[in-house]
Amino acid sequence: TQLINHAKMMLNLPKVIAGDLMSPASAMMSVATVADVHTRKRNRGGSIILIDPQGMPCGVVDEQALSRVAVEAASEVSALAVSRALGRGAVVAAEADGRQLIDYLATVASAEYAVIDARGAVVGLLHQRKIISAVTGRKA
């Protein structure tokens, strides 16, 4: 049975494409405030990935934490205060796929990854559970 399961996973690998598994996201500088995040979400929707001064994704705004900030305090609270940290190097190209994608993600200590397009712009957020589901063929 293990051999059959392994064979099924190997057949699923070519179908594992970061861009297909991601949810939409956009980037904001890590100096943004909660008020800035609310404005972005109203205008674009999707997840918000925070970018450090060097241009590297460093966090993902947490929806639950965001909802706990009082409206009158939103312009005073940093978006970093309502975010989850991304692991160092938790960035993957939208077109990344198959074994190369899996092998790369295995080297990064993170359960979430910023997805970038060919120009280097953040376009999505990829969750490890979606990758596992795609490889195993099981629902996350």
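A few comments on the model shown:
- Residue check, Ser83 among the polar types (S, T, N, Q), under 17 Å from the mean Cα position of the chain (by Cα), open to solvent by less than 50 Å² (accessible area, probe 1.4 Å) and modelled with pLDDT of 95 or more: yes
- Qualifying residue in region 14-21 (condition: farther than 28 Å from Thr136 by Cα and either of a type in the set (Lys, Arg) or open to solvent by 80 Å² or more (accessible area, probe 1.4 Å) (or both)): no
- Taken together, the residues in region 24-60 that are surrounded by fewer than 16 Cβ atoms within 10 Å (Cβ to Cβ) and either within 18 Å of Gly87 (Cα to Cα) or touching a helix residue (DSSP H, G or I) at 6+ places or on another chain (Cβ under 7 Å) (or both) amount to 6.
- Pick from region 86-100, criterion over 21 Å from Gly55 (Cβ atoms) and touching a helix residue (DSSP H, G or I) at 6+ places or on another chain (Cβ under 6 Å), ranking: most open to solvent (accessible area, probe 1.4 Å): Arg99
- Of everything listed in (1) under 19 Å from Ala109 (Cα atoms); (2) loosely packed, with under 13 Cβ neighbours inside 10 Å, the single unmet condition for Val71 is (1).
- Scanning region 108-119 for residues that are assigned to a loop (DSSP other than H, G, I, E, B) and either open to solvent by 50 Å² or more (accessible area, probe 1.4 Å) or closer than 25 Å to Asp36 by Cα (or both) yields Ala109, Ala111, Asp117, Ala118, Arg119.
The values are calculated or read from the model by the stated rules, or taken from the named source; none is laboratory data. Keep in mind that what you see is a predicted model, and the values were worked out from it rather than measured. Note: ideal-geometry Cβ built from the backbone for every residue, glycine included; neighbour counts use all protein chains shown. Areas reflect the complete protein model, heavy atoms only, side chains present, ligands, DNA and RNA absent. Shrake-Rupley method; radii C 1.70, N 1.55, O 1.52, S 1.80 Å.
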